[in-house]
Amino acid sequence: MTTTLEQRLNAYRRILDISKQLNSTLEYGALLQQIVAAVVEILNVEAASIMLQDPSTGELRFEIASNLKPHETERIAVPLDRSIAGWIFTHGEPRVIEDVTKDPKHYRQVDSATQFVTRNLLGVPLRTHTKVIGVVQALNKQDGEKFNGEDISLLTVLASQAGVAIENARLFQQSDFVAEIVHELRTPLAALRASTVLLRRPDLPEAKRAEVYGLLEEETERLIALTSDFLDLARLESGRAEMDRRAFDLAGLVRDCVTLVSPQAAGKDIEIFIEIGEVEASGDKSKLKQVLLNLLTNAIKYNRHGGQVLVSGYINEVGMVQVDVRDTGHGIRPENLPNMFRKFYRVADTANTVQGTGLGLAICKHIIEAHGGSIWVESVVDEGTTFSFVLPF
Ligand SMILES: Nc1ncnc2c1ncn2[C@@H]1O[C@H](COP(=O)(O)OP(=O)(O)O)[C@@H](O)[C@H]1O
Ligand SMILES: [Mg+2]
């Protein structure tokens, strides 16, 4: 069946409507949903997906797929040199595959991981103003039809609108981050200014003077922690942080980290136990040290006086290296659990009594995911909390 002129005009009109809608959506997740829904509708296909290049590994990663739930696409990476999407990305050209089973470049791991059977596909590069950032794919043309030249132009137009909208949404997210940073820096800076004003006063009693010096010290420490966390997170978010992967001895790293936090634990009378055999892990040791240190300091900071912390490291049932950091703290209420890895998020009950930036867990998540792993939390109120992460071997 050939498309009539009227059908074509309708499709382009629909693209115009959609692109207006895309340009007014700055919320990244909602934007991605709209794009794949538009591809499914306009190209009359079973499913659509967007893959973006992961700047830290160079691989393409699923950002969204219309037929999968977000957690199912997480972590699915596709190598550039051994996949159809990789070909489209590196050549910057559209491509139709009429029968993927006959194409040696079809990367079967994706179908087997997602239980979706791809029969045919059309993919086009996804570009911003300056470069190719990923690939948009339309999967399985409906009604037994084949992808034609018209489909290629439709998807190309749609992808160019989508690329610009994605770039805008990302820039918006960044400007949001800058605003939050400035906001977070104001409080310690105001405290520093107030302290210096006080210290200039000759009539300030000696005891008060000592107190102000203490405050100065504390707020300066907080500023240093904030700025270094900001920098780490900004690097990780932009994908500029490089993971230097090597094999290392996990038990050794855990022992080093426990030694570093033991003065802090002693201050609260907290005992730390280690349960770990000879486990060889692979990854960026200094970045993973940062993850372990943050989980350990959290397990101490949010623990009760005289509490316990248990760190275990082992190879789990699916052959991944797993680390659990368990504490006997007050626990986290179920309604707060989904927010734990969001930047700047701190549970209100402790935010005023315990020092912190609310960035530690967001940093941990980025580092673990950049290794192709995942991190999660389980908690029982009044019993304690366990943070766990896995790393692929
Ligand atoms: N082990 C834990 N037990 C209870 N609450 C925790 C634990 N770890 C983290 N939290 C909560 O999560 C928040 C975010 O942690 P994090 O990102 O490390 O930031 P920070 O420690 O700087 O506040 C903390 O403020 C605290 O409310
Ligand atoms: Mg922390």
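What follows is calculated from the coordinates using simple rules that are stated; it is not laboratory data. A quick note: this is a predicted structure, and the numbers were derived from the prediction, not measured. All Cβ positions, glycine included, derive from the backbone under ideal geometry; neighbour counts span all protein chains shown.
Between P70, P202, P334, the Gaussian network model of the chain with springs among Cα atoms under 10 angstrom shows the greatest mean-square fluctuation at P202.
Pairs of Cα atoms nearer than 8 Å and 6+ residues apart set the relative contact order; for the chain it is 12 percent. Helix 28-43 and the longest principal axis of the C-alpha atoms of the chain enclose an angle of approximately 10°. Taking other Cβ atoms within 10 Å as a rough exposure proxy, W376, W87 sort from fewest to most as W376, W87.
Under 5 Å from the amide H of F344 lie the amide H atoms of L359, each residue being 5 or more positions distant or on a separate chain, with H modelled from the backbone and absent for Pro and chain starts.
Distant-in-sequence amide contacts of E63, defined by a placed amide H-H separation under 5 Å and a gap of 5 or more residues or a different chain, comprise I50, M51, L52. Helix 149-199 and the longest principal axis of the C-alpha atoms of the chain enclose an angle of approximately 10°. Rounded, prolate or oblate, given the Cα gyration tensor of segment 339-387, with a/c below 1.5 counting as rounded? Oblate, since a/c reaches 1.5 and b/c is not below a/b. Computed from Cα positions, the angle between helix 360-370 and the longest principal axis of the chain comes to roughly 40 degrees.
If each residue of separation counts as 0.36 nm, what is the full-extension length gain between E242 and E383 once their alpha-carbon separation is subtracted?
Working: separation 141, 0.36 × 141 = 50.76 nm, distance 3.76 nm.
Full extension from E242 to E383 adds 47.0 nm.
The HN-Hα couplings worked out from phi for segment 101-113 by the Karplus form 6.51 cos²θ - 1.76 cosθ + 1.60 (θ = phi - 60°) are 5, 8, 9, x, 7, 5, 8, 6, 3, 5, 4, 6, 6 Hz, whole numbers, x standing for Gly and Pro.
Could you line up L22, L337, L139 from fewest to most neighbouring Cβ atoms inside 10 Å?
Working: L22 21, L337 16, L139 25.
In order of increasing Cβ crowding within 10 Å: L337, L22, L139.
Tell me whether segment 30-153 comes out rounded, prolate or oblate; compute the Cα gyration tensor, take square roots of the eigenvalues as a ≥ b ≥ c, and use a/c under 1.5 as the rounded threshold. List each step's numbers first, then the result.
On the way: a/c = 1.21, a/b = 1.19, b/c = 1.02.
It comes out rounded by the Cα gyration axes.
Report the gain in length on full extension from D81 to E335: 0.36 nm times residue separation, minus Cα-Cα distance, nm rounded to one decimal. Numbers along the way, then the final one.
On the way: separation 254, 0.36 × 254 = 91.44 nm, distance 4.31 nm.
Difference between extended and current length: 87.1 nm.
So what is the relative contact order for segment 103-176, in percent, with contacts set as C-alpha pairs under 8 Å and at least six apart?
Working: 62 pairs, mean separation 21.1, N = 74.
In percent, rounded to a whole number, it is 28.
Among the listed pairs K285/K365; K343/K365; K20/K343; K69/K131; K131/K287, which have their C-alpha atoms separated by more than 19 angstrom in this model? Those over the limit are K20/K343; K69/K131; K131/K287. If one computes the Cα centroid of segment 152-182 and of segment 223-247, what distance in Å separates the two points? Each part's Cα centre sits 23 Å from the other's. Using only the Cα atoms of segment 126-262, build the gyration tensor, take square roots of its eigenvalues as a ≥ b ≥ c, and label the shape rounded, prolate or oblate: rounded if a/c is under 1.5, else prolate if a/b is larger than b/c, else oblate. Because a/c hits 1.5 or more and a/b fails to exceed b/c, segment 126-262 counts as oblate.
Spin-label model, T187 to N148: label points 7 Å out along the Cα-to-beta-carbon direction sit 6.2 nm apart. Positive end of the dipole of segment 5-172 (Cβ unit charges, origin at the Cα centre): among F172, Q21, N140, the Cα lying farthest that way belongs to F172.
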